[in-house]
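Q: Dumping the structure here so I can ask a few things about it.
The values are calculated or read from the model by the stated rules, or taken from the named source; none is laboratory data. The shown structure was predicted, so the numbers you read here are calculated from the model rather than taken from an experiment.
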Amino acid sequence: MAIQREHELHSRRRGRNVAMGLILGGLVAMIFAVSIVKLSQSQSEDSTAPNYVPATAGASE
């Protein structure tokens, strides 16, 4: 009995699995990077933050 070479179907499947892993890893890295950037911004500078108060409104009180 000789050891058989890997079948073509398995090599193609491995290629697709590697590609899918890289895509998913890139998506996770992108979401992580966006989260870090959003969390590093000061909320006083971010007008879309839920507790944003313009500087002119706070100075008049």
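Q: Tell me, yes or no, whether the stretch 32-54 has at least one residue that is of a type outside the set (G, A, S) and at pLDDT 95 or above.
A: Checked against the condition, which is being of a type outside the set (G, A, S) and at pLDDT 95 or above, the stretch 32-54 yields at least one hit.
Q: So, of the residues in the stretch 1-41 that are in a loop (DSSP other than H, G, I, E, B) and among the polar types (S, T, N, Q), which turns out to be farthest from the chain's Cα centre (by Cα)?
A: Per the criteria, the residue is Q4.
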